[in-house]
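First comes the structure, then the notes that go with it.
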Amino acid sequence: MKNIRCGFVLLAAVLCLAASSYAQEQKFAELGDFKLVGGETLKNCRIGYRTFGKMNADRSNIVVFPTWAGGTTEELKDNVGGGKLINDTDYYVVLIDALSNGVSSSPSNSSAQPHMKFPKIAVRDMVNTEHELLTRTLGIKHVKAVMGISMGGMQTFQWIVSYPDFMDKGIPIVGSPHVAPYDVVMWRINIDAIEGSVEWHHGDYTENPAKLVHFEIGELMLQTPAEYNRTHTRAQVLEALKKAETDKAEDANDTIRQSEAMIALDVADVYDGSMERAAAAVKAKVFVVVAKQDHTVTPQPARNFAQLLHAQMLELESDCGHLAPGCEGTKLAAALSDFLQK
């Protein structure tokens, strides 16, 4: 009897591990033709996602976590688990691939609307498709929280304004409710570098254009000069630049469509640009995280909106710039855990 009982325990453990592994696999929701806020239709829309942890009986532990610019849930999953940003022991975490990230519907993978035939999207379109995934595919009508980093933070700001009754809490991390003038110029550099390349061919390229410039821009945007010089040697940088010329890079058309969406972001667009009215629509408790020395998504618009929301706020102080959430990960994880438990 003891051996049989042990066998059942071992079998249960194996099945649990297998189920957990399966839950973390890449999955897709097929949304069909999806009407975009700009008026165009995204044909055969599909949204990628992964789930972690277990939903509790009253479904009160669901956390939604969309991807950053160019990021995928394959990369984002490194932020889920014990001691990380969100613990899947306590929460059922739904990671979502944002439109135009190369996994969900994107210029690089659409057969119906390939390359620059892929319609322009808005951050609100990302959020609308995510809402459709959650409600229609997963049957989720309300969540504990929506959170995100960078463009994921932008989506979080849009979520709390567009769907105020859908979540109890919102946690935008180094995101923005509308990108600042400096940010507009920075994101335009990426687009201009691609479209100015001789390999561009109006998006119908055979070799990804401006790979090296895209890499260089990213290196300058993401950290401060002090942190970059502290963590890199000249030899490392020269080797990295050489490697970037041949490495596989994020698809340029995907980059353009996401960059355009971030540049155009304004969570108050349906309120005639009034951030006060947009803030008044928010019902969730909000925890806004900014990085003081962020040169990618400069923090003042998020600070201003946090003030209108009377939101809790954390300002990361390190020299890491936009990468401060990683550099100050322990501090941030503790703060997020405390906020979610309140």
Point to revise | Flag if ILE160 is under 19 Å from the mean Cα position of the chain (by Cα), at pLDDT 95 or above and surrounded by 24 or more Cβ atoms within 10 Å (Cβ to Cβ) | key: yes
Check your understanding: What residue, of VAL146, VAL123, VAL93, is crowded, with 22+ Cβ neighbours inside 10 Å and out of contact with any strand residue (DSSP E or B) (no Cβ under 8 Å at 6 or more places or on another chain)?
Key -> VAL123
Review point. Between a first residue in the stretch 183-194 that is over 18 Å from ASP294 (Cα atoms) and open to solvent by 10 Å² or more (accessible area, probe 1.4 Å) and a second residue that is part of a helix (DSSP H, G or I) and not aromatic (Phe, Trp, Tyr), which pairs have beta carbons less than 8 Å apart while being 6 or more apart in sequence or on different chains?
Key: ALA193/VAL213; ALA193/HIS214; ALA193/ILE217
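Can you tell which of HIS178, HIS201 is surrounded by fewer than 21 Cβ atoms within 10 Å (Cβ to Cβ) and either modelled with pLDDT of 95 or more or in contact with a Gly (Cβ under 9 Å, 6 or more places away or on another chain) (or both)? Give the derivation first.
Working: HIS178 fails: surrounded by fewer than 21 Cβ atoms within 10 Å (Cβ to Cβ).
Result: HIS201 is the single residue among HIS178, HIS201 that is surrounded by fewer than 21 Cβ atoms within 10 Å (Cβ to Cβ) and either modelled with pLDDT of 95 or more or in contact with a Gly (Cβ under 9 Å, 6 or more places away or on another chain) (or both).
Of the residues GLU276, GLU216, GLU227, which single one is in contact with a Cys (Cβ under 7 Å, 6 or more places away or on another chain) and assigned to a helix (DSSP H, G or I)? So that I can check it myself, show each step before the final result.
Details: GLU276 fails: in contact with a Cys (Cβ under 7 Å, 6 or more places away or on another chain); GLU216 fails: in contact with a Cys (Cβ under 7 Å, 6 or more places away or on another chain).
GLU227 is the lone residue from the list that is in contact with a Cys (Cβ under 7 Å, 6 or more places away or on another chain) and assigned to a helix (DSSP H, G or I).
Report whether or not ALA284 is of a type in the set (A, V, I, L, M, F, W, C) and either under 20 Å from ALA180 (Cβ atoms) or over 20 Å from the mean Cα position of the chain (by Cα) (or both).
Values: of a type in the set (A, V, I, L, M, F, W, C): yes; either under 20 Å from ALA180 (Cβ atoms) or over 20 Å from the mean Cα position of the chain (by Cα) (or both): no.
For ALA284, the condition - of a type in the set (A, V, I, L, M, F, W, C) and either under 20 Å from ALA180 (Cβ atoms) or over 20 Å from the mean Cα position of the chain (by Cα) (or both) - is not met.
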Check your understanding: In the stretch 201-210, what residues are free of Cβ contacts under 8 Å to residues at least 24 places away in the same chain and either under 23 Å from the mean Cα position of the chain (by Cα) or within 15 Å of PRO114 (Cβ to Cβ) (or both)?
Key -> HIS201, THR206
Exercise for review: Would you mind telling me which numbered condition in (1) buried (at least 18 other Cβ atoms within 10 Å of the Cβ); (2) closer than 30 Å to ALA279 by Cα; (3) at pLDDT 95 or above GLU227 fails?
Suggested key: (2)
Study note, to complete from the structure: Looking across the stretch 126-141 at residues that are assigned to a helix (DSSP H, G or I) and out of contact with any Ser or Thr (no Cβ under 9 Å at 6 or more places or on another chain), the single one that is most open to solvent (accessible area, probe 1.4 Å) is ARG136
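Which one is nearest to TRP159 (Cα to Cα), of the residues in the stretch 96-110 that are out of contact with any Lys or Arg (no Cβ under 7 Å at 6 or more places or on another chain) and touching a residue at least 60 places away in the same chain (Cβ under 8 Å)? Explain how you work it out, then say what you get.
Within the stretch 96-110, the first condition is being out of contact with any Lys or Arg (no Cβ under 7 Å at 6 or more places or on another chain), and the residues that meet it are 96-99, 101-103, 106, 108-110.
Still in the list and also touching a residue at least 60 places away in the same chain (Cβ under 8 Å): 98-99, 101-103, 106, 108, 110.
On the way: ALA98: 13, LEU99: 15, ASN101: 19, GLY102: 22, VAL103: 21, SER106: 21, SER108: 26, SER110: 25 Å.
Step by step, filter the stretch 96-110, then rank; the result is ALA98.
Against the definition (without any contact (Cβ under 8 Å) to a residue 60 or more places away in the chain, touching a Lys or Arg at 6+ places or on another chain (Cβ under 9 Å) and under 19 Å from ALA69 (Cα atoms)), how does ALA249 come out, yes or no?
Numbers: without any contact (Cβ under 8 Å) to a residue 60 or more places away in the chain: yes; touching a Lys or Arg at 6+ places or on another chain (Cβ under 9 Å): yes; under 19 Å from ALA69 (Cα atoms): yes.
Here the answer is yes, as ALA249 does meet what is asked.
The values are calculated or read from the model by the stated rules, or taken from the named source; none is laboratory data. The model shown is predicted, which means the values in this text are computed figures rather than measured ones. Cβ: placed from backbone, ideal geometry, glycine included. Neighbour counts: every protein chain shown. Just the protein is used for accessible areas: all its heavy atoms, side chains included, with ligands, DNA and RNA removed. Shrake-Rupley method; radii C 1.70, N 1.55, O 1.52, S 1.80 Å.
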